[in-house]
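Since the structure comes first, as structure tokens, the remarks are kept for the end.
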């Protein structure tokens, strides 16, 4: 795409432009303070500011209120903002109450130049107009430089993940600790096989636009690969049609890989209903009637977490659960045999694959954790020293760190 | 104490005694018996009202004190940001605060950020104001600004310009010149703002977009599940917090104790605290009994 | 006792669901079947009118003059139509395209979303001095203890989540402290939801006794 | 082709959205993809609804167990579908709200949907009780901490919590139940939540990168499949 006219790719360039514009408008509007006798004083110092780092879709107009706009008195009622562009007709684009001194014009186009006037409206119907400002063209910025720290943080973290994926690919051995819930998967599938009872896989109740559902489907890929080997019955009820399609695709792939294409059956994955508790009613009914030996509850869960997990527990199933919703984790911890807590859910697919590159990414996110911990440590230490000694230097360190790590 | 209450206590006490007896003999309790007892624990105190003494906690007391301390005629904004799901816990707070505010002679502006909040708001307008304050006049003593779609957007606007978002009340009467909104240019001009809710947008958004920028005094009433996420804002950004039915019951107790003419008012917060308290006690007892069985069986295995 | 048929339907359905607590039975199966069928149809209609009619159709063909048509939405509809290739097994693999689009979009979106709100901002919020004073400038023991615990808990909790280092020695000890904090979190979370969840049950009981049976005043 | 194109699609769409975070003109991209998603989801619902009908029809024709209830499900499904799609009793026309109050569609929501949904949800109260009895046993140090924390919080939710410890002198008031409740929720609880949240953030980033870079490609399927 070609750069938009007037766009500056460098922050300082944009700032200088705005500053000059502001100065020009300042001087011109200073001359505007000449209320005629008997009329109401117009607002002064009309400034038009282009917001930094936006898409060039707004201009902010500000002014110093009319001398007659005194708080507590009601001589001035409002201010009217008028705009013209390209020598065309001037039109009112908005009115704000007395006491206000800014207006954001969000109906501007990037390619046009705009001239503004602001008028004081008096209670007695009188009006006082300011002089017009100079023409201003809203500026589009291709990069939001306020987010430069976020960008760097992304690079560092993403870089460390990619770096360790690469390191692992080249054959460097990486240690990964055991995750109990995942170690238990083999045993859980084996148990269902021995008992000749089905395995129930619940991927949460959210759709494919939820990252936990994606993570759950990735785990399903590994789990169903093992189930295919064991030739155990698998049932996956879903609450979203897209998850049904994706789930079928995933299981089918696993069965093909296991060389068991014959054992795959589309009806392993069934759409129930999109309604949260309608889904729960059906799945609870299934549990009681079919008595699955093993239940996986992996994905995004809400209030239904315990209703599902307790029912599963009551039919004597081994349950492996995992979610990234902090409020639901305790319910799983209480009612399930193994629970993947937050981050472990996302690490699970890498862990289960055992593939070096995937394990490398876990090492990469550990580096991220290390950085987070180091920053917390430095931040807390500096804040404590600053609090105890009143040292300006350390207070500066803290506020810098907080700025870097705070994004709107 | 009525026979009904005695009956309730006997049933629940008897059930727990039976559970304890079984547990001491090392026998697990059937889930269905637990279900039955929980059902009875909730149902009986509802049928035979069981009320407890409530001692207002500091978080609740500070809201009460603030409304007491404001000079009569102060202006208070109440926002109903909840749905029927949260209503059993939150509606009682909204009702008792409305009573307190009007009894103190303050003025109220009602509004809602939730489409479902309008119906809850109407409950207060139909069941509280005409019954307890027949003399209270719309426009003079209270105004219903109604629901406005736009979530945080609404808050951003009213933080600087309330009439812009609410040029009229819910029935189309222009708000300009209404005595209830006298001198109010923005939400920051109110003497106190209270949000009842627990979801999004709710008290958190009120703090971020209204209380922090304008510095207006702010308090919240919320469902018990949402209370912890609001704790960090107390006491600097939020002067008080009512959490769950317990918060409502504490406020009702404080109010009914001081305002004798309201000693017999409906107190749904206190009423549902009966079953709630009994349910908590039964659950605590179940935890203890579970551990009794566990340690018994462990000791048996140890000696065997 | 209520004379309203709607209340009666609601009450019977409520009892049917509660009967499941005792055991599975035909009454529950009936309620379950009604609920599943009705709710699937309900959401189908709501999604159809919300997304297909309101967002898509009126996005491409605006009902009012002056609104610019959003032709790019047609791309979304084409992707959606590709989902239907699943109905023809021989070209069913084409449905992977829209799925890949969704997977990419979700992964990209959540990566940034979580990074900012769950990651960076939480780190920033933890940077507080371990020595706190009251508004009056005196030492505040409660606040100080609180901040110290938040710091230790966050720090050791993160250690627990380390995957690439064995939980042994000092590191293992710290991870164990981390688990303790997580357990307090879980216990507390369980405890504080009890009140709201019990209120739900009270709400249902209230419906049965008040609205249906008319037992309560 | 079967695998390369899906991979490229994931890669390009994902990273474009990441870059869009930093670029105001692309900012709207995330919103637009959400609309795409909801359109795709409607098409998928045809598959889902079809699956529901197929499964239940099979159940009925083969006289499988509980086939009678399959009829109920199908009748309910088509009944709501018809009154919804054809807007029976709805004066709003095509553009009107499908669930406008007063329509049969709305009545189904109010009289069937709401009571059953709320009752299913309220089963949670019973399950909380059975889980408390069964799962909160002091098997080890972790479990003991969990059950103590839960008990203090629950006690704090009752009026007895206040009475139980009212005798504690003011200088030690931190040990009174309401204060303990507040303290537990605002300090250790906050710390645990934070560790979990930061962990999740890192987990999601690493997972997303694996998906976008094609290290993890189970969603793409297998050739010839």
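Derivation of every value follows stated rules applied to the coordinates shown; laboratory data play no part. These numbers were taken from a predicted model, which means no experiment stands behind them. So basically every Cβ, Gly included, is an ideal-geometry build from the backbone, and we count neighbours across all protein chains shown.
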Once fully extended, how much extra length lies between residue A:170 and residue A:70, figured as 0.36 nm per residue of separation less the alpha-carbon to alpha-carbon distance? 28.6 nm
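I want to verify the translational diffusion coefficient of the stretch D:136-213 in µm²/s; compute it with Stokes-Einstein, Rh as the Kirkwood radius over Cα pairs, at 37 °C and 0.692 mPa s. The partial results should precede the final answer.
On the way: Rh = 15.0 Å.
Translational diffusion coefficient: 218 µm²/s.
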Calculated log₁₀ intensity ratio I(q)/I(0) where the Debye formula runs over C-alpha points of the stretch A:174-354, q = 0.12, 0.14, 0.15 Å⁻¹: -0.48, -0.66, -0.78
If N is the number of residues in the stretch D:117-179, what value comes out of its Cα radius of gyration divided by 2.2 N^0.38 Å? 1.44
Residue-averaged 222 nm ellipticity for the protein assembly as shown, from DSSP H runs of 4+ at -39500 (n - 2.57), nearest 500: -18000 deg cm²/dmol
Stokes-Einstein D for the stretch A:246-301, Kirkwood Rh over Cα pairs, 4 °C, 1.567 mPa s (µm²/s): 98
Note down the nm distance, to one decimal, between modelled labels 7 Å out along Cα→Cβ at residue B:119 and at residue B:295. 4.9
Using square roots of five times the C-alpha gyration tensor eigenvalues, list the equivalent-ellipsoid semi-axes of the stretch A:128-189 in whole Å, biggest first. 56, 19, 9
Given R₀ = 56 Å, FRET efficiency for residue A:102-residue A:155 by Cβ-Cβ distance, to 0.05? 0.95
Taking the simple approach of a point 7 Å from Cα along Cα-to-Cβ for both residue D:78 and residue D:166, what is their distance in nm? 6.6
Compute the orientation-averaged projected area for the stretch C:1-71 from the convex hull of its Cα atoms and round it to one decimal in nm². 8.0
Taking only Cα atoms of the stretch A:174-222, the Rg to Rh ratio with Kirkwood Rh works out at 1.06
How long, wide and thick is the stretch C:128-217, going by the Cα atoms along their three principal axes, in whole angstroms, largest first? 63, 46, 14
State the volume of the convex hull built on the alpha-carbon positions of chain B, expressed per residue in Å³ and rounded to an integer. 149
Counting only DSSP beta bridges with both partners in chain A, the antiparallel fraction in percent, to the nearest 5, comes to 60
What are the extents of the Cα atoms of the protein assembly as shown along their three principal axes, listed from largest to smallest and rounded to whole Å? 104, 79, 72
Quick one: B:270, D:134, B:62, fewest Cβ neighbours within 10 Å first, how do they rank? B:62, D:134, B:270
Under the Kirkwood approximation applied to all pairs of distinct alpha-carbon atoms, what is the hydrodynamic radius of the stretch C:61-180 in Å? 20.1
Measuring from label point to label point, each 7 Å out along Cα→Cβ, what is the residue A:289 to residue D:114 span in nm? 3.0
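Could you list C:4, C:24 so that the one with the fewest beta carbons within 10 Å of its beta carbon is first and the one with the most is last?
C:4, C:24
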Normalised Cα Rg of the stretch B:98-213, dividing by 2.2 N^0.38 Å with N its residue count, works out at 1.01
Could you give the distance between the Cα centres of the stretch B:78-135 and the stretch A:107-175, to the whole Å? 42
Relative contact order (%) - criterion: Cα under 8 Å, at least six apart; region: the stretch D:1-145: 8
Report the antiparallel proportion of the DSSP beta bridges in chain B as a percent, rounded to a multiple of 5. 5
Find the Cα radius of gyration of chain A, compare it with 2.2 N^0.38 Å by division, and give the number to two decimals. 1.47
At q = 0.20 Å⁻¹, what base-10 log of I(q)/I(0) does the Debye formula yield for the stretch A:195-259 when every alpha carbon is treated as an equal point scatterer in vacuo? -0.74
Give me the orientation-averaged projected area of the Cα convex hull of the stretch B:157-199, in nm², one decimal. 3.7
Pairs of alpha-carbon atoms within less than 8 angstrom and 6+ residues apart define the contacts here; what relative contact order does chain C have, in percent? 18
From the C-alpha coordinates alone, can you work out the Kirkwood hydrodynamic radius of chain C, in Å? 24.8
For chain D, alpha-carbon Rg and Dmax in angstrom: 27.0, 76
DSSP-defined antiparallel bridges as percent of all bridges, the protein assembly as shown, nearest 5: 40
Consider just the alpha-carbon atoms of the stretch B:164-301 and return their Rg together with their Dmax, both in angstrom. 21.8, 80
At 25 °C and 0.890 mPa s, the Stokes-Einstein diffusion coefficient in µm²/s for the stretch C:21-113, with hydrodynamic radius from the Kirkwood sum on alpha carbon pairs, is 146
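Relative contact order of the stretch D:136-213: what whole-number percent is it, with Cα pairs under 8 angstrom and at least 6 residues apart?
Dividing the mean separation by the residue count of the stretch D:136-213 yields 18 percent.
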Could you give P(r) for the stretch A:278-408, binned at 5 Å from zero, as whole percent values over all Cα-Cα pairs? 2, 9, 14, 13, 11, 11, 10, 9, 8, 6, 4, 2, 1, 0
Treat the count of other C-beta atoms within 10 Å as a stand-in for reagent exposure and order B:70, B:276 from fewest to most. B:70, B:276
Using the beta-carbon distance between residue C:168 and residue A:371 and R0 = 30 Å, what value does 1/(1 + (r/R0)^6) give for FRET efficiency, to the nearest 0.05? 0.85
